[in-house]
1. Based on what the data block shows, is VAL243 under 44 Å from the mean Cα position of the chain (by Cα), closer than 21 Å to SER169 by Cβ and part of a strand (DSSP E or B)?
2. Which numbered condition trips up LYS136, out of (1) under 30 Å from LEU87 (Cβ atoms); (2) part of a loop (DSSP other than H, G, I, E, B); (3) of a type in the set (D, E, K, R)?
3. Taking interchain pairs and intrachain pairs at least six residues apart, which have beta carbon atoms under 6 angstrom, with the first residue in region 257-272 and part of a helix (DSSP H, G or I) and the second open to solvent by 60 Å² or more (accessible area, probe 1.4 Å)?
4. Is region 142-159 home to any residue that is open to solvent by 10 Å² or more (accessible area, probe 1.4 Å), over 30 Å from the mean Cα position of the chain (by Cα) and of a type outside the set (Lys, Arg)?
5. Against the definition (farther than 19 Å from ASP381 by Cα, open to solvent by 50 Å² or more (accessible area, probe 1.4 Å) and in contact with a strand residue (DSSP E or B) (Cβ under 9 Å, 6 or more places away or on another chain)), how does THR69 come out, yes or no?
6. Given the conditions (1) within 21 Å of ALA314 (Cβ to Cβ); (2) modelled with pLDDT of 85 or more; (3) under 39 Å from the mean Cα position of the chain (by Cα), report the number of the one that LYS172 does not fulfil.
7. Identify the single condition in (1) under 17 Å from VAL12 (Cβ atoms); (2) open to solvent by less than 60 Å² (accessible area, probe 1.4 Å) that GLY77 does not satisfy, given that it satisfies every other one.
8. Within region 445-466, can one find any residue that is within 30 Å of ALA133 (Cβ to Cβ), open to solvent by 60 Å² or more (accessible area, probe 1.4 Å), at pLDDT 65 or above and not in a helix (DSSP H, G or I)?
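The values are calculated or read from the model by the stated rules, or taken from the named source; none is laboratory data. Just so we're clear, the structure is a prediction, and the values are computed from it rather than from any experiment. Every residue, glycine as well, gets a Cβ built from its backbone with ideal geometry; the counts of neighbours run over all protein chains shown. Surface areas here come from the heavy atoms of the whole protein model, side chains and all, with no ligands, DNA or RNA. Shrake-Rupley method; radii C 1.70, N 1.55, O 1.52, S 1.80 Å.
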Amino acid sequence: MTTFVDRVELHVAAGNGGHGCASVHREKFKPLGGPDGGNGGRGGDVLLTVDQSVTTLLDYHHSPHRKATNGKPGEGGNRSGKDGQDLILPVPDGTVVLDGAGRVLADLVGHGTSYVAAQGGRGGLGNAALASARRKAPGFALLGEPGDLQDIVLELKTVADVALVGYPSAGKSSLISVLSAAKPKIADYPFTTLVPNLGVVTAGATVYTVADVPGLIPGASQGKGLGLEFLRHVERCSVLVHVLDTATLESDRDPLSDLDVIEEELKQYGGLGDRPRIVVLNKVDVPDGKDLAEMVRPDLEARGYRVFEVSAVAHIGLKELSYGLGELVATARAAKPKEEATRIVIRPKAVDDAGFAVTREDDGLFRVRGEKPERWVRQTDFTNDEAVGYLADRLNRLGVEEELMKAGARSGDGVAIGPEENAVVFDWEPSVMAGAEMLGRRGEDHRFEEQRPAVQRRRERQAERDEATQEFDSFDPFE
């Protein structure tokens, strides 16, 4: 049964914003007390937060779909809807967030570090918030925006100071078990270690972590064995330790050739050339192992490696090794640049930035792209003519009509607002600036319909009365 997962694909959905409410205050002797519709609540965000108690991505392997709660709709009496609850997903220290194309979105290192994977939708404004001196009683409210939908990939890169690398059965698990309190699985067959193991070592005043990476074989950087799957766990380590088996039973292997093979795989993987390295000649408690270690040690030191002869079983040379690793770790930590406080960068909007762009496509369609126009379209209830008129006024004030004219749009041309896969398309009719004074009954806009028959009959009767009055005034009884 899988207990360690270091790569998962996660599907996250933020909460939708609640719709605004269109309501009118009513009480005895006040049949029309004014608009009192509340705003909708904000949808919940989906956040990834580093938690030191979490060591694997196993939970997301079994449940890859996660969704935050939606915001509640507004209500009458100026009651705003409740905000959706944020969904906080704990991840291990060292988790890298990638998009579908493999681009790095965030590198989460350090307890409490957070990243907003999906942004919750805004709540819609109620008609009380939309009221103005010109639009005293709006008969509509804005819709809540949908939350973000994201498909992301989480990769775990172990955060450790020292990485033990080497062939399978070289004794890495045995070594970490005696250097620290870690209890990895140990057996006399290759690929006993299937997942990275972490152990904490104390050497004097220095405390550091050691990672036991599953065994590497020739071709690991191209996907052979388990190397490619777990080589990423070596990337964050400050020191690399080559654990070489001096008592191998394979006739075609020796410590020098093993070292050359592992170094080639690390080179092929890339990004590890600047890490300090030491060599551990393991299993010197075996007579043949001790002799072989004494033979190859001069060659290794001639290559510039610092060499330690140890035996995990007989506890030989462990103290010297732990203190030697502690010195390298302390040096690496001291060489790291000090973290500076995050600088706040303010990027003002350009003076000539209208916030949207109008382009003409090959088929003659004019497409409008921009944050504000697209958000306004998502918030509009197209079943309400007054809401559509409000959208038209907002687009006109933003300058969309003027830009359409400059782009060559004519009456009746097709205009699309939004991306190709999710756009609102309509036939454009130029209009002038208009406000609430052009609106008829609540919920209607006479720009989108013919004049009502009742109004037409009333105006006809008024015209007849005016005509009769004029005839009476012009009548002279003495003629």
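1. Working: under 44 Å from the mean Cα position of the chain (by Cα): yes; closer than 21 Å to SER169 by Cβ: yes; part of a strand (DSSP E or B): yes.
Yes, satisfied.
2. (1)
3. Cβ pairs passing all conditions: VAL261/PRO218.
4. No, there is no match, as no residue in region 142-159 is open to solvent by 10 Å² or more (accessible area, probe 1.4 Å), over 30 Å from the mean Cα position of the chain (by Cα) and of a type outside the set (Lys, Arg).
5. Yes; evaluated as a whole, the condition is true for this residue.
6. Answer for LYS172: the failing condition is (2).
7. Condition not satisfied by GLY77: (1).
8. no
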